[in-house]
Amino acid sequence: MSRFRMYPTSEQAGVMLDHCAHARYVWNLAVEQHSHWHKGRIAAPGFAEQCRQLTEARRDSEWLRGGNADVQQQALKDFARAKTAKFTSVGTDRVPEFEADGSPKLNAKGTQVMGRSVVVRRLNGRWAQVKVPGCGWVRFRLTRAELPKAKTFRVTFRNGQWHAAFAVIPEPVHAPATGEVIGIDRGVKITAALSDGRKLNCPQLTVKKRAQIRRDQRRAARAPQGSHAKTAGYARVARLRAREADRRKDWCEKTSTMLARTYGLVRFEKLNIKNMTASAKGTVEQPGKKVRQKAGLNRAILAQGWGLLRQRTEHKAPGRVEDVPAPFTSLRCSACGWIEKKSRKSQADFVCVSCGFTCNADENAATNVAAGQSGFPRPRRLAGAGGTTAATGRSSVREPQPSRVGIPLS
Ligand SMILES: [Zn+2]
């Protein structure tokens, strides 16, 4: 996704707001049908059937008829895709939210419009235009050197700002001839530790900026309803958040290109980011533990965009990205394979209690990931890059039994 701020004329903004309202209305109709189906009242209408119904609805409703048919149909397509994504866990930009009983939630606030057949043209170094159905050319600010190449785009309106997001799938990058394998351990302290010893960090907001966001948010929340202070405060918060997200995306783009270009096979430690970022609050019966710390961790995880890095690397190196199951990668000695909690001396240091191999803890984990080793591997000796091993002459390698393995804390 590459996202650009749009600057429509007031007339264009009016048309686009109508588009959004129509798209939301159609989306919500689809959601309602889906929940009727969910409760067993009707047969689930497919996309084609829904399109037929839309044509009928447009005949009956002057309001809908006044809008753009393409935009409205696109909302149905959007919903169909989101539904599939929900049931197949394939990534998409928009997944309908579901109630506790499994029926989808109505979209009360979302204002999005999908457009197909993207037509963009450059005006000068800083400005370009995109053709929005029914609005003609709408200007947007070019924050990247190149015009976006995409098949679809999405217009969103949030906090008083219009944005156009282009679904850009990058061209695959040629694999290097060396076929080198790299392992990547993703962490909170170091965003991505590579098995060759490199440490890559995703840019984040400073502590000061974060405090400022919190302050603005508090003030805006307390400001009287409808006041200028409230609107301006929330707009400031949104601006800072957007800036951080942009930097994160930029970093993910550059890093994924580097990975795809430099290494033949990229192995990521398999994380369940969804679980890790899920609410730590728990329920009334079972309140969550260490809620505050976990909330902090959640923020850090989200801030670092691991999921995005993995996704973009896959786009650029299709078929050359693998996931290695995560358990014990941080506790396993990459030199001898011994797994023990005590080997992890601190956040930063790994000292194998079995063979004496010492290494940076993140690098050790990344080396395990590169080797595709995590939990209960077959005996195998690996050269730990950048580390030293004390037991070079030993031929037999001990592997602990599952029952003896400590459960990782982190
Ligand atoms: Zn060891």
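No value in this document is a laboratory result; all are computed from the given coordinates. It should be emphasised that the depicted structure is a prediction, and the values quoted were computed from it without experimental measurement. Neighbour counts run over all protein chains shown; Cβ positions are idealised from the backbone, glycine included.
Using label points projected 7 Å from each Cα along Cα→Cβ, tell me how many nm separate ARG222 and ALA69, to one decimal.
Result: 5.5 nm between the two label points.
Quick one: what Rg and Dmax do you get for the stretch 115-232 from the alpha carbons, in Å?
In order Rg, Dmax, the Cα atoms of the stretch 115-232 give 21.0, 63 Å.
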